[in-house]
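Worksheet: the structure to be examined is printed underneath.
The values are calculated or read from the model by the stated rules, or taken from the named source; none is laboratory data. Source: prediction; values computed, not measured. So basically every Cβ, Gly included, is an ideal-geometry build from the backbone, and we count neighbours across all protein chains shown.
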Amino acid sequence: MQITDLINSIADRGLELFAFGRGRPLPQDLGGICRALLSERGEASGIALARELVALYRGLDAAGREAFFTLLAREFGPDHAAVAAAARAFVAEPSAAGALTLAEVAEPPRRELLRRINMLPEGTEFVIGLRADALDLADEKPELRIVDADLKHVLTDWFSGGFLELRRITWETPAIILEKLIQYEAVHAIPGWEFLRRRLAEDRRCYAFFHPALPNEPVIFVQVALVRGLSGEIAPLLDPGAPVGDPAAADTAIFYSITNTLKGLRGISFGSFLLKQVVADLQQTLPNLTTFSTLSPIPGFRRWLETTAPEHEHPAIRAAARDLLPVLAEGGINVVGADRALKTALTGLCARYLAAELRPNGRPVDPVARFHLGNGARLERLNWAGDTAPKGLEQGWGLLVNYLYDPAELERNHEAFVNAGKVATSRAVARQLKPYL
């Protein structure tokens, strides 16, 4: 008997036990089922209630789902009076026991509800889907953000690095997983099987993290090109007709695409674990590799250049942006590239955007820069016309950036970044940046 059949058998018996033990039928509304699930101590009846909750939720329309999240926010939070009493007791007499009591009463019951739903074989997948729905609602309903925060909390525990399994994806990987690579790829679309086959050739590598509860669902994957020297253009790496190189002749691994696949896991960071494990695997299997770098998009640069830079407090940034924008609007990067001064200004402003345009918390505004610099990578090189496809022009006026992952410097760079906000840059990038600091 498979695990799903076994769980369903236990659930069927659990419904009988629930009705017999209470002398009443199963609640027919989600609120009643949630309350019953939290009060239940028996495994069989708990599984039965969780199954009914999932089935009812899946039958809801958009309004019904919003009502369910509102219910979770209003009725399944912590008891504020109990929290206040425990806090007063701890302040009056601090102790380990008092801290434990405070932590216990402060935890919202809805977190335990999610853990009980996870008794089901599909429980983890369902909770990820709940988080995706919560993210959509929380954008318009700020009062529901607390539910999203609790969903993120439990999923962060379930998807910690120790639970994730690194697998290399090859052309021999089951088709159900290969199809998902095509479906999920978010950085450089995979138009079809011919393109995917080239990305899995001998001079390419693809790795993914999997979770035990989702054996056929990659939660994040990275695509790697094995080349000689730093790559500055994306088109040759994506060309399905490009000749296949010899991995033993390569000296550089280029990470050219990293994709988080499940919306419900947004904001849960495991990309750092992935890249570091991939670097370790490549060092072990291909000792000829000496350089590990990304070839990354700059998704917010064009928007920043067009909206923030022209009104920037720094006069050199304002002046450069106001010189550049009319030329870009009229002739694009081809015209700018033919003018040395304008080309230098555009790359300099890009360096400023990546290394010194910061959020209120002191971290870079660009999400890709924030991720790689936070991992300890170095801002190595800006690449002119690295991606002239429509998406590349729309995001960053065709510029791409290399973030260098030097295993000997990663931890030092990471510590300097998280503790002092210091961005590691190459000398070339530092020179481009200097006029705009």
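Tabulated data
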read-out	value
Pairs with Cβ under 9 Å, 6+ apart, first in segment 330-344 and part of a helix (DSSP H, G or I), second among the aromatic types (Phe, Trp, Tyr)	Gly332/Trp397; Ile333/Trp384; Ile333/Trp397; Val336/Trp397; Gly337/Trp384; Lys343/Trp384
When residues of segment 237-276 are limited to those that are out of contact with any Lys or Arg (no Cβ under 9 Å at 6 or more places or on another chain) and within 17 Å of Leu196 (Cβ to Cβ), the one surrounded by the fewest Cβ atoms within 10 Å (Cβ to Cβ)	Thr259
Odd one out for Phe163, checked against (1) buried (at least 17 other Cβ atoms within 10 Å of the Cβ); (2) under 17 Å from the mean Cα position of the chain (by Cα)	(1)
Subset tally (residues that are out of contact with any Leu (no Cβ under 8 Å at 6 or more places or on another chain), under 16 Å from Arg205 (Cα atoms) and either of a type in the set (Gly, Ala, Ser) or touching a residue at least 40 places away in the same chain (Cβ under 8 Å) (or both)) for segment 233-250	7
Qualifying position, being among the hydrophobic types (A, V, I, L, M, F, W, C), outside the structural domain of Ser231 (by TED's automatic domain parsing), under 26 Å from Gly161 (Cα atoms) and crowded, with 17+ Cβ neighbours inside 10 Å, among Ala320, Ala369	Ala369
Complete set of residues in segment 46-76 that are assigned to a loop (DSSP other than H, G, I, E, B) and crowded, with 17+ Cβ neighbours inside 10 Å	Phe76
Near pairs, Cβ below 6 angstrom, 6+ apart or cross-chain, from segment 251-264 (within 12 Å of Ile220 (Cα to Cα)) to any residue that is of a type outside the set (Val, Ile, Thr) and assigned to a strand (DSSP E or B)	Ser257/Gln223; Thr259/Phe221
Residue match in segment 100-122 (condition: touching a His at 6+ places or on another chain (Cβ under 7 Å), in a helix (DSSP H, G or I) and farther than 30 Å from Ala225 by Cα)	yes
Where a residue in segment 348-365 is within 20 Å of Glu380 (Cβ to Cβ) and its partner, wherever it lies, is surrounded by fewer than 20 Cβ atoms within 10 Å (Cβ to Cβ) and basic (Lys, Arg), with Cβ under 7 Å and at least six apart	Arg363/Arg370; Pro364/Arg370; Val365/Arg359
All positions within segment 347-377 that are among the β-branched types (Val, Ile, Thr) and in a helix (DSSP H, G or I)	Thr347, Val368
Selection count, segment 156-179, where residues are charged (D, E, K, R) and within 26 Å of Thr285 (Cα to Cα)	4
Members of segment 199-239 that are more than 25 Å from Ile298 (Cα to Cα) and outside any loop (DSSP other than H, G, I, E, B)	Phe210, His211, Leu214
Residue list for segment 186-198, filter: assigned to a loop (DSSP other than H, G, I, E, B) and either buried (at least 19 other Cβ atoms within 10 Å of the Cβ) or not assigned by TED's automatic domain parsing to the domain that holds Gly241 (or both)	His188, Ile190
Residues satisfying the stated conditions in segment 396-412, i.e. of a type outside the set (D, E, K, R) and either part of a loop (DSSP other than H, G, I, E, B) or at pLDDT 95 or above (or both)	Gly396, Trp397, Gly398, Leu399, Leu400, Val401, Asn402, Tyr403, Leu404, Tyr405, Pro407, Ala408
